[in-house]
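These notes concern the structure reproduced below.
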Amino acid sequence: MVSQRLVVRRASWRGETHQQSQTLHREPTGVAVVIGHAARIATALATGDVDMEDGQSQVLAALSIAETLDAASWSA
(Lines give C-alpha, C1' and ligand atoms only; values in the text may rest on other atoms or scores of the structure.)
Protein backbone atom coordinates (compact mmCIF):
# COMPACT_ATOMS: atom_id res chain seq x y z
CA MET A 1 0.00 0.00 0.00
CA VAL A 2 1.30 3.45 -0.88
CA SER A 3 0.79 6.44 1.38
CA GLN A 4 0.70 9.93 0.05
CA ARG A 5 0.28 13.20 1.83
CA LEU A 6 -2.35 15.50 0.39
CA VAL A 7 -2.36 19.16 1.31
CA VAL A 8 -5.64 20.92 0.72
CA ARG A 9 -5.83 24.68 0.77
CA ARG A 10 -9.14 26.27 1.38
CA ALA A 11 -10.18 29.84 1.92
CA SER A 12 -12.22 30.77 4.95
CA TRP A 13 -15.05 33.25 4.88
CA ARG A 14 -12.55 35.89 6.06
CA GLY A 15 -10.32 35.34 3.05
CA GLU A 16 -7.62 33.53 5.02
CA THR A 17 -6.02 30.45 3.55
CA HIS A 18 -5.85 27.35 5.71
CA GLN A 19 -3.92 24.21 4.96
CA GLN A 20 -5.35 20.86 5.84
CA SER A 21 -3.20 17.77 5.61
CA GLN A 22 -4.39 14.21 5.39
CA THR A 23 -2.85 10.90 4.43
CA LEU A 24 -4.33 8.98 1.53
CA HIS A 25 -3.83 5.26 1.18
CA ARG A 26 -4.11 3.63 -2.20
CA GLU A 27 -3.02 0.46 -3.83
CA PRO A 28 0.18 0.67 -5.89
CA THR A 29 -0.17 1.02 -9.64
CA GLY A 30 0.89 -1.74 -12.00
CA VAL A 31 3.98 0.30 -12.86
CA ALA A 32 5.00 0.52 -9.19
CA VAL A 33 4.48 -3.21 -8.69
CA VAL A 34 6.59 -4.13 -11.72
CA ILE A 35 9.39 -1.70 -10.78
CA GLY A 36 9.37 -3.18 -7.27
CA HIS A 37 9.75 -6.64 -8.82
CA ALA A 38 12.68 -5.41 -10.93
CA ALA A 39 14.31 -3.94 -7.82
CA ARG A 40 13.96 -7.23 -5.92
CA ILE A 41 15.53 -9.14 -8.80
CA ALA A 42 18.36 -6.58 -9.04
CA THR A 43 19.00 -7.03 -5.32
CA ALA A 44 19.07 -10.80 -5.76
CA LEU A 45 21.52 -10.33 -8.63
CA ALA A 46 23.78 -8.16 -6.49
CA THR A 47 23.87 -10.76 -3.73
CA GLY A 48 24.43 -13.63 -6.15
CA ASP A 49 21.13 -15.37 -5.37
CA VAL A 50 20.07 -15.39 -9.04
CA ASP A 51 21.97 -16.49 -12.13
CA MET A 52 23.35 -13.38 -13.86
CA GLU A 53 21.91 -14.08 -17.31
CA ASP A 54 18.46 -15.06 -16.04
CA GLY A 55 18.34 -12.15 -13.61
CA GLN A 56 19.32 -9.58 -16.21
CA SER A 57 16.67 -10.79 -18.63
CA GLN A 58 14.03 -10.70 -15.86
CA VAL A 59 14.99 -7.14 -14.89
CA LEU A 60 14.90 -5.98 -18.51
CA ALA A 61 11.54 -7.67 -19.08
CA ALA A 62 10.07 -6.08 -15.95
CA LEU A 63 11.30 -2.63 -16.97
CA SER A 64 9.88 -3.13 -20.45
CA ILE A 65 6.49 -4.04 -18.97
CA ALA A 66 6.62 -1.00 -16.68
CA GLU A 67 7.34 1.26 -19.65
CA THR A 68 4.46 -0.27 -21.61
CA LEU A 69 2.03 0.15 -18.70
CA ASP A 70 3.14 3.73 -18.20
CA ALA A 71 2.73 4.58 -21.89
CA ALA A 72 -0.71 2.95 -21.95
CA SER A 73 -1.83 4.95 -18.91
CA TRP A 74 -0.93 8.23 -20.64
CA SER A 75 -2.76 7.37 -23.86
CA ALA A 76 -5.98 6.31 -22.11
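The values are calculated or read from the model by the stated rules, or taken from the named source; none is laboratory data. The model shown is predicted, which means the values in this text are computed figures rather than measured ones. Cβ atoms come from the backbone with ideal geometry, glycine included; neighbour counts cover every protein chain shown. Protein only, heavy atoms only, side chains kept; ligands, DNA and RNA dropped before computing areas. Shrake-Rupley method; radii C 1.70, N 1.55, O 1.52, S 1.80 Å.
Consider Leu63 carefully, then state whether it is open to solvent by 80 Å² or more (accessible area, probe 1.4 Å), modelled with pLDDT of 85 or more and of a type in the set (A, V, I, L, M).
Against the criterion (open to solvent by 80 Å² or more (accessible area, probe 1.4 Å), modelled with pLDDT of 85 or more and of a type in the set (A, V, I, L, M)), Leu63 qualifies.
Hey, can you tell me all the residues within the range 37-55 that are part of a helix (DSSP H, G or I) and open to solvent by 60 Å² or more (accessible area, probe 1.4 Å)?
Passing the criteria: His37, Arg40, Thr43, Ala46, Thr47, Met52, Glu53, Asp54.
Could you give me the residue pairs with C-beta distances under 8 Å whose first residue belongs to the range 50-76 and is in contact (Cβ under 8 Å) with a residue 40 or more places away in the chain, whose second residue is in a helix (DSSP H, G or I) wherever it lies, and which are 6+ apart or on separate chains?
Qualifying pairs under 8 Å: Leu69/Gly30; Leu69/Val31; Leu69/Val34; Ser73/Val31.
Yes or no: Arg5 touching a strand residue (DSSP E or B) at 6+ places or on another chain (Cβ under 8 Å), charged (D, E, K, R) and at pLDDT below 55?
Against the criterion (touching a strand residue (DSSP E or B) at 6+ places or on another chain (Cβ under 8 Å), charged (D, E, K, R) and at pLDDT below 55), Arg5 qualifies.
Considering the range 25-56 alone, what residues qualify as being closer than 21 Å to Ala71 by Cβ and polar (S, T, N, Q)?
Result: Thr29, single match.
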